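The values are calculated or read from the model by the stated rules, or taken from the named source; none is laboratory data. As the structure is a prediction and not an experimental result, all values here were calculated from the model. Heads up, the Cβs are rebuilt from the backbone with ideal geometry, glycines too, and the neighbour counts pull from every protein chain shown. Remember, those area values only see protein heavy atoms, side chains included, never the ligands or the DNA or RNA. Shrake-Rupley method; radii C 1.70, N 1.55, O 1.52, S 1.80 Å.
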Amino acid sequence: MVQFGQDVIGGLGFGAIYALAALGLVIIFKTSRLVNFAFGSMGTAVAMILWTLLSAVRLPLVAAWLLALVGAAVVGALTDEALLRRIEQAPSLIQITITLGLFIGIEGLVGVLWGYTPKPLPELTSGGSLRVGPYFLTPDQLLIVALTLVLAAALHFVLERTRLGLAMRAIAQDRDTAMLMGVPTRRTVALSWAWGVLLSGLAAILVAPAVSLSPTMMDQIAVFAFAAAVLGGFGSLAGAIVGGFIVGIVGNLISAYLSTNFQLTFIFLLIVAVLYVRPHGIFGSAAQSRQ
Amino acid sequence: MGGSSTRGSARRTTSFVAAVVVGMGLLLATWDSNGGSASAAVTPGVASTTITFGQTVPKSGPAALYGQSTYGVDAYFRYTNAHGGVQGRTLRLVSLDDKYQPAVSVQLTRDLLDKYHVFAEVAVNGSAPTEGVLTVLTPANVPLIGPQTGATPIQAVFRKNLYNVWPSYVTEGKLLGSYARETLHLKKIGVLYQNDDFGKSLYDGVKDAGVTATVAISYDPSQVDFGAQAEKFKSAGCDGVIILAIPGPTISFLNAMAAIDYKPVRLMSQVSAIPQSFSAAKSEFPGSYIGAFIPPLTETGNPQVKLFLDSMPKHEPGKPASVFAAWGWTEAQVAVAGLKAIKGPITRDSYEAALNHLTGLQTLGGEVSYTPTSHAGIQKMFMVIAKHGRLAPVPGE
């Protein structure tokens, strides 16, 4: 029973990472109706920039973090402005191919610029594991879960209670009508890209201390985050969070009680099963699926 | 008449031009790409001034770190060239990036033979890529010196053209297993191994050493979350864990053990023990025991180590004198020793004949000997310990 509990706790930590990355996917999808397959490699690039700011520029941790995340947001907005805006009317296949191309291109570029030697990123917190009864958890795990939940709540607030959120929801519902109603669609989509890449970068820099920083670090995490977004219902913020935690915990339990080699297989079987019962995902709606 | 004469002259001119074109074509067809005129009897890759070797290694992708071995091969080739080369020829290396994808390795190996006309291959990296490479090299009888693998499917089958340099993974696994059982007297041993020929061959060696794992868990190389595995070993009460993994997963697993405050005795393969682990897994990598055949590169009293460390900045300036470069250096030492032992013309057959009689060759990684029926690699391995930011000999060993 202790092992089961510990596996669930372990799954929560990685689940929060999947959730954060899935949030980044969903927020871009909501406004641009585009699945950004490059989100993993973009996140890795942000983490590499952070590593440079810390190890070469020697900025203090907080300043480096802030600068890296601001950089992520700028890169996200510029990606939309310079590249994806030009293909917004293109068929889905072209858009998917472009983001897949970005994924491969950015990963290769990161490899060329920073090399493939694993690099350490410092943990956000210091000190060893905390003991709660028979269970252990690290301060970083706690922080990651808390940060994910706070960010999800903040995003929910922005979407539901602010003019920006209203604009995003309007664009998600009907972009052309939103534009006719005076919603600044271009700026709003660029902002969602900024948020999306920032969240991917945040996921990458939070997980890097545990797995070491390398150009391919986010490859498997991106797959699980995508699974989380699908499971939760693509387009739903709550779905991304719940999907992320489900994938994290179930994945860890499969590793512990079946085999690591079945982890991905069973996660996707779970998705098939959920989509069979709820074709739009756990929190998804038919409208989101049509988008 | 005049018209007929003009037509006849034009025909002659046309015939002359055609003959010149055909002649030039034939000449070009028999011209060796390395700059010397060739005939059917001339060995590919051996020109009047150069001998060309080829290799496929990952320079990008998850295993790109191993691509640093190219620096060692290049450095030893340049060191050899600076000392007169071989039979008056300089050595050159064509190194291609296979991204650790066997299908790519196979295609690039064909390119190395057909496009770059290499004489032989050296220091090809990885178990699965090497298996692919051999499907091209063996039928063509192209020598392969020092594939960077000790996997059983490669080392246990004798191939006329394959000369191993690395100790077999079974040998390494045996060393780790016997050290855990007989020297460290561990009672409950857990084993984490990669689910491919690399991990399975090492695990076979651990079992050969008489270790019955309390828990044995395989993993996929792309895995990043090792929390469940760490917890499983901890719950089973393992006082030691043998890690048979590549660097990235090793770091993730060490950090996962630290997260649950689990600190068993750690033993691991030389493949995974990279210096970066000191900072990337700072609480669990120090104190780990590692099987090795390359001596600690801090042992400057060792003449082989000294030569390597002195030569790297001279012949590969700016490139790291890492353990991966040391792999390449060692394999290049064997490749060059075989060339130097050739009496007479350099052909693939004469090269293999010379290699077949290399005896007691001292390399950076240890002693290498071949016979016409045995192309096994280095036999001797030893344990080192990760301590004070470097790999050091185990005290008392």
Practice prompt. Can you work out the accessible area per residue across the protein assembly as shown, with the rest of the protein chains kept in place, probe 1.4 Å, in square angstrom?
Written response: 41 Å²
Discussion item. 7 Å from Cα along Cα→Cβ at both residue B:196 and residue B:394: what's the point-to-point distance in nm?
Written reply: 2.8 nm
Worksheet item: Which lysines have a Cα less than 30 Å from the Cα of residue B:59, not counting those fewer than 8 places away in the same chain?
Response: A:119, B:99, B:115, B:160, B:200, B:282, B:306, B:314, B:319, B:340, B:380, B:387
Practice prompt. Give me the distance in nm between label points sitting 7 Å out from Cα along the Cα-to-Cβ direction at residue B:49 and residue A:124, one decimal.
Written response: 6.1 nm
Fill in: Neighbour cut-off at most 11 other Cβ (10 Å), DSSP loop, trypsin sites (Lys or Arg not before Pro), segment A:1-100
A:58
Worksheet item: Between rounded, prolate and oblate, where does chain B land on the alpha carbon gyration tensor, with a ≥ b ≥ c its root eigenvalues, rounded for a/c under 1.5, else prolate if a/b exceeds b/c?
Response: prolate
Item to complete: Enumerate the calculated ³J(HN,Hα) couplings along segment A:165-180 in order (Karplus 6.51 cos²θ - 1.76 cosθ + 1.60, θ = phi - 60°), each rounded to whole Hz, writing x wherever the residue is Gly or Pro.
Response: x, 4, 4, 4, 5, 5, 5, 4, 6, 7, 4, 5, 5, 4, 5, 5
Worksheet item: When Cβ neighbours within 10 Å are restricted to other protein chains, what is their mean count per residue of peptide A:210-223?
Response: 6
Item to complete: Set the Förster distance to 56 Å, then compute FRET efficiency between residue B:141 and residue A:266 from the Cβ-Cβ distance, nearest 0.05.
Response: 0.75
Worksheet item: For the pairing of chain A with chain B, what total accessible surface becomes buried, with a 1.4 angstrom probe, in square angstrom to the nearest 100?
Response: 2500 Å²
Worksheet entry | Positions from segment A:1-18 whose accessible area shrinks by 30 Å² or more when the full protein complex is built, not the chain alone, probe 1.4 Å | A:3, A:6, A:14
Fill in: Calculated FRET efficiency for the pair residue A:166/residue B:82, C-beta based, R₀ 51 Å, to 0.05
0.10
Practice prompt. Would you mind putting B:98-109, B:134-145, A:203-214, A:16-27 in packing order, based on average other-beta-carbon counts within 10 Å, highest first?
Written response: A:16-27, A:203-214, B:98-109, B:134-145
Response to the item:
So the carbon and sulfur contribution to the accessible area of segment B:171-292, 1.4 Å probe, in percent, is 49 percent
Fill in: Geometric extent, Cα atoms of segment B:171-292 - Rg, Dmax (angstrom)
12.6, 34
Item to complete: Would you mind checking the tilt of helix B:102-114 against the longest principal axis of the Cα atoms of chain B, expressed as 0 to 90 degrees and rounded to 10?
Response: 30 degrees
Practice prompt. May I ask for the percentage of alpha-carbon pairs in segment A:1-117 that lie more than 22 Å from each other?
Written response: 46 percent
Response to the item:
So the compactness index of segment A:72-172, its C-alpha Rg divided by 2.2 N^0.38 Å, takes the value 1.56
Worksheet item: Given R₀ = 35 Å, FRET efficiency for residue A:85-residue B:282 by Cβ-Cβ distance, to 0.05?
Response: 0.20
Fill in: Shape box of the protein assembly as shown [Cα atoms, principal axes, largest first, Å]
96, 88, 48
Worksheet item: When you count, for each residue, the other Cβ atoms within 10 Å and take the mean per peptide, how do B:57-66, B:274-283, A:118-127 rank with the highest first?
Response: B:57-66, B:274-283, A:118-127
Practice prompt. Over the whole of B:242-252, what's the average partner chain Cβ count within 10 Å per residue? Rounded to a whole number, please.
Written response: 3
Item to complete: Using just the helices of the protein assembly as shown, give the 222 nm mean residue ellipticity in deg cm²/dmol: DSSP H runs with n ≥ 4 each add -39,500 (n - 2.57), and the total is spread over all residues, rounded to 500.
Response: -17500 deg cm²/dmol
Worksheet item: In nanometres, what is the gap between the two model label sites at residue B:107 and residue B:208, each 7 Å from Cα along Cα-to-Cβ?
Response: 3.6 nm
Fill in: Alpha carbon centroid spacing (whole Å) that separates segment B:322-397 from segment A:235-271
46 Å
